[in-house]
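The values are calculated or read from the model by the stated rules, or taken from the named source; none is laboratory data. This one's a predicted model, so the numbers in the text were calculated from it and none came from an experiment. Neighbour counts run over all protein chains shown; Cβ positions are idealised from the backbone, glycine included.
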Amino acid sequence: MTMKTSTFFPRLAGLVTALTLVTTAVFAQNTDVLDIAGERVSLADFEHVFGKNNRDSVYTVEALDEYMQLFINFKLKVREAEALGMDTAEAFKKELAGYRTQLARPYLVDTELLDALVAEAFERKNQEVRASHILVSVDAKASPADTLKAWNRIQGLRSRVAAGEDFETVARSKGGSEDPSVASNGGDLGWFTAFQMVYPFECAAFNTEVGDVSEVVRTRFGYHILKVDGKRKAHGEVQVAHIMVRMPSDAPQDQVANAEGRIQEVLRLLRSGEDFDALALKYSEDPSTAAKGGLLPWFGTGKMVEPFEEAAFGLEEVGDLAGPVRTNYGFHILKLIDKKELPSFEDSQRELTKKVRRDSRAEITKTSFLRGLQAEYGAKVSPRRRDALVRAGANLDSLFHAGHPLTGVKSSELSRTLFSVAGQDHTVGDFVDWVNASRVRNLDLPSADKVKQEIDRYLETMLLAHEDTQLERKHNDFRLLMEEYHDGILLFELTDQNVWSRAVKDTAGLVAYHEAHLEDFMWGDRLDVAIYTCEDADIAKKVRKALRKSGDVETLRRELISERPLALRAETGLFSQGENEWADRAFAALADGSLVADKKGMLMLETSEGGSQVILVEVKAQLTPTPKALDECRGQAIAAYQDHLEQAWIEELRMKYPHDINREALYSLVRK
């Protein structure tokens, strides 16, 4: 039995379970399987909960009856919490609303498009691309004039490449790429895979054939053109350890020769059989890994400098060595620790879905979802109302900056409908109130553009707000999930009050329960022993002599400790069976009669674990079963008292609230 805690697990894996009572019920519809004080549970909902909490169970009469009893207990507690008004408390409503916000997010995107993007990401993760690029920087919020200027520049650079000029030469030329790294890499980005570049750039790289130059691509950094230099099957991940001799990339030749000589000497020592970990600790100049045997974290393509990466993935068998490898950091010797192949779609789907949701791809699914909502609800902004708002905003300086709200909209406009969502009108006045209370982004835009931006954002907000209210109607799994959270929060709070915390705080009740159930809190047979671990038989002989003479082994131990600290170790204690290996051997010897008292009445068992070490177990006393004091079993007693309180509470609730089972409906599940 374990003591219950007040840890709340919203999914209720252990709380929602099972059904009750042999009574006859009359139901309006045979699709209802349970009625608790007028609240009905449908057969479909019960089947969902049963299946969720009994994934490996068969649908037998016995299993359904057992689960129905637990389910009724659960529902009775929830019914009591509702009767007490706990579901109207502000703290409850706030907590449930917080969970609802989190749970609703996956339902407010285009799930079909999300699935397609996850599948696309999986395909791309299985491939790696090597590409070079030329960048013309332009801010995402740049003026039309600056944007056009950047567009004309990138088109000019692409025309030069298309006319036959070398891509790297164009990238390095005056007026060429504005990527700061072009001076060192000529635009070459090395090998990469999905999620390592911004999504539009990634798409251009994967969709362009090897040797071709892409069309112009816009990202948040500006305009790009890409030349795809190669594609290959993805490497997966690798883990290596390394020993590094540090050397700057611009080191003079004598320093290079010195570093190379030192790394070659380390390699010689390794090949002669010396331990890699020890050599890493002694010689590696990578302070972050030297003390760990040179061990590096797992990595995939694009995470390390290219020479190091290529050497690591070139290793085939665990323990193989590579090197010396020269990088910008110095010379390295690598040792293969392990490799991971690319995971299957099933194994990687969950992680890929998380990445897509965090990536800019998520905006694509949201935009698609909003377009669908606009079509479904016929939500369209009135051009006349939009124009009136734009005119009002255009006349205001520093619009939406602190102290500069949107004003000046004609009073006759305020009551007019800006758009409608599912028959609910949202007026110009509603928008003005909302936008003036909002935090507006992109404040450096022209005033007219800011008003248009905020109208679009208002429409999106209202569409999502309305759709959020429809989730239970549209998605049965979401409705059931919200019911679980609703019931689970209530159940936790009320059970904590009536059972868990009460059992801890009700000291008098706990004492009375313990005294009334002493037979449930008994010590078994115990031995009071002293265990002496002796380095050899000679020490064991001295211990026996000390015990027979004076019983003082401590003096002997102190005499030995200065020269032979491990010659004698002592341990004493009261042990039940299963608590101490040496005490258990004494239990067994007493049981089979092989351990008997000597002439002086001493019970001494001599045993060993092989070798020269001897263990002496002195049995000082044999204790028969006795009740445990409350302090000796407090955790066990509290857990039992909790069970007692809960059972009494359930019996009270069963008397308080009528409940009927439609067994015909319940047992229909057996045939499925």
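The residues in the stretch 188-215 that are surrounded by 16 or more Cβ atoms within 10 Å (Cβ to Cβ) and part of a loop (DSSP other than H, G, I, E, B) can be counted, and the count is 7. Exactly one residue among 368, 348 is in a helix (DSSP H, G or I), under 27 Å from residue 131 (Cβ atoms) and in contact (Cβ under 8 Å) with a residue 24 or more places away in the chain, and that residue is 348. Comparison of 273, 261 shows that the only residue that is without any contact (Cβ under 8 Å) to a residue 24 or more places away in the chain, within 17 Å of residue 325 (Cβ to Cβ) and surrounded by fewer than 17 Cβ atoms within 10 Å (Cβ to Cβ) is 261.
Scanning the stretch 295-317 finds no residues that are among the hydroxyl-bearing types (Ser, Thr, Tyr) and either out of contact with any strand residue (DSSP E or B) (no Cβ under 8 Å at 6 or more places or on another chain) or surrounded by fewer than 16 Cβ atoms within 10 Å (Cβ to Cβ) (or both).
For every residue, the table says whether it meets (1) under 42 Å from the mean Cα position of the chain (by Cα); (2) farther than 15 Å from residue 460 by Cβ; (3) surrounded by 15 or more Cβ atoms within 10 Å (Cβ to Cβ).
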{"position": "351", "(1), (2), (3)": "yes, yes, no"}
{"position": "355", "(1), (2), (3)": "yes, yes, yes"}
{"position": "366", "(1), (2), (3)": "yes, no, yes"}
{"position": "379", "(1), (2), (3)": "yes, no, yes"}
{"position": "386", "(1), (2), (3)": "no, no, yes"}
{"position": "395", "(1), (2), (3)": "no, yes, no"}
{"position": "399", "(1), (2), (3)": "no, yes, yes"}
{"position": "404", "(1), (2), (3)": "no, yes, no"}
{"position": "416", "(1), (2), (3)": "no, yes, yes"}
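In the stretch 59-98, the residue that is surrounded by the most Cβ atoms within 10 Å (Cβ to Cβ) out of those that are touching a residue at least 40 places away in the same chain (Cβ under 8 Å) and not in a helix (DSSP H, G or I) is 59. Inclusion of residue 636 among residues that are among the polar types (S, T, N, Q), under 25 Å from residue 552 (Cβ atoms) and not in a loop (DSSP other than H, G, I, E, B) is not warranted.
Among the residues of the stretch 258-272, at least one is farther than 25 Å from residue 361 by Cβ and part of a loop (DSSP other than H, G, I, E, B). Restricting the stretch 32-58 to residues that are crowded, with 17+ Cβ neighbours inside 10 Å and more than 31 Å from the chain's Cα centre (by Cα) leaves a set whose member that is nearest to residue 82 (Cα to Cα) is 36. Whenever a residue of the stretch 555-576 is in the same structural domain as residue 540 (by TED's automatic domain parsing) and in contact (Cβ under 8 Å) with a residue 40 or more places away in the chain, its partners that are surrounded by fewer than 16 Cβ atoms within 10 Å (Cβ to Cβ) and of a type in the set (A, V, I, L, M), lying with C-beta atoms within less than 8 angstrom and at least six residues away or across chains, give the pairs 574/623.
If the condition is being hydrophobic (A, V, I, L, M, F, W, C) and either not assigned by TED's automatic domain parsing to the domain that holds residue 619 or not in a strand (DSSP E or B) (or both), then the stretch 530-545 contributes 537, 539, 540, 543.
Collect the residues in the stretch 614-633 that are surrounded by fewer than 16 Cβ atoms within 10 Å (Cβ to Cβ) and not small (Gly, Ala, Ser), keeping them in residue-number order. Within the stretch 614-633, 620, 622, 623, 624, 625, 626, 631, 632 meet the criteria. Is it the case, given these coordinates, that residue 263 is touching a Ser or Thr at 6+ places or on another chain (Cβ under 6 Å) and of a type in the set (A, V, I, L, M, F, W, C)? So residue 263 does not fit the description; no. In this structure, residue 105 does not satisfy being in a helix (DSSP H, G or I), modelled with pLDDT of 95 or more, of a type in the set (Lys, Arg) and not assigned by TED's automatic domain parsing to the domain that holds residue 196. The number of residues in the stretch 505-528 that are touching a helix residue (DSSP H, G or I) at 6+ places or on another chain (Cβ under 6 Å) and either assigned to a helix (DSSP H, G or I) or among the polar types (S, T, N, Q) (or both) comes to 3. Only one of the numbered conditions (1) hydroxyl-bearing (Ser, Thr, Tyr); (2) under 20 Å from residue 602 (Cβ atoms); (3) modelled with pLDDT of 95 or more is not met by residue 513, and that is (2). Each residue in the stretch 149-177 was checked for being surrounded by 17 or more Cβ atoms within 10 Å (Cβ to Cβ) and not in a helix (DSSP H, G or I), and 2 of them qualify. For residue 443, the conditions (1) in a helix (DSSP H, G or I); (2) surrounded by fewer than 16 Cβ atoms within 10 Å (Cβ to Cβ); (3) at pLDDT below 95 all hold with the exception of (1).
Could you list, in sequence order, all residues of the stretch 553-568 that are exposed (fewer than 14 other Cβ atoms within 10 Å of the Cβ) and either part of a helix (DSSP H, G or I) or in contact with a strand residue (DSSP E or B) (Cβ under 7 Å, 6 or more places away or on another chain) (or both)?
Correct list: 554, 555, 558, 559, 561.
For residue 400, state whether it is among the aromatic types (Phe, Trp, Tyr) and within 30 Å of residue 120 (Cα to Cα). Against the criterion (among the aromatic types (Phe, Trp, Tyr) and within 30 Å of residue 120 (Cα to Cα)), residue 400 does not qualify. Which residues, counting only those in the stretch 99-119, are crowded, with 17+ Cβ neighbours inside 10 Å and under 16 Å from residue 359 (Cβ atoms)? Result: 109, 110, 113, 114, 117, 118. All but one of (1) without any contact (Cβ under 8 Å) to a residue 40 or more places away in the chain; (2) assigned to a strand (DSSP E or B) hold for residue 128; which doesn't? Of everything listed in (1) without any contact (Cβ under 8 Å) to a residue 40 or more places away in the chain; (2) assigned to a strand (DSSP E or B), residue 128 misses just condition (1).
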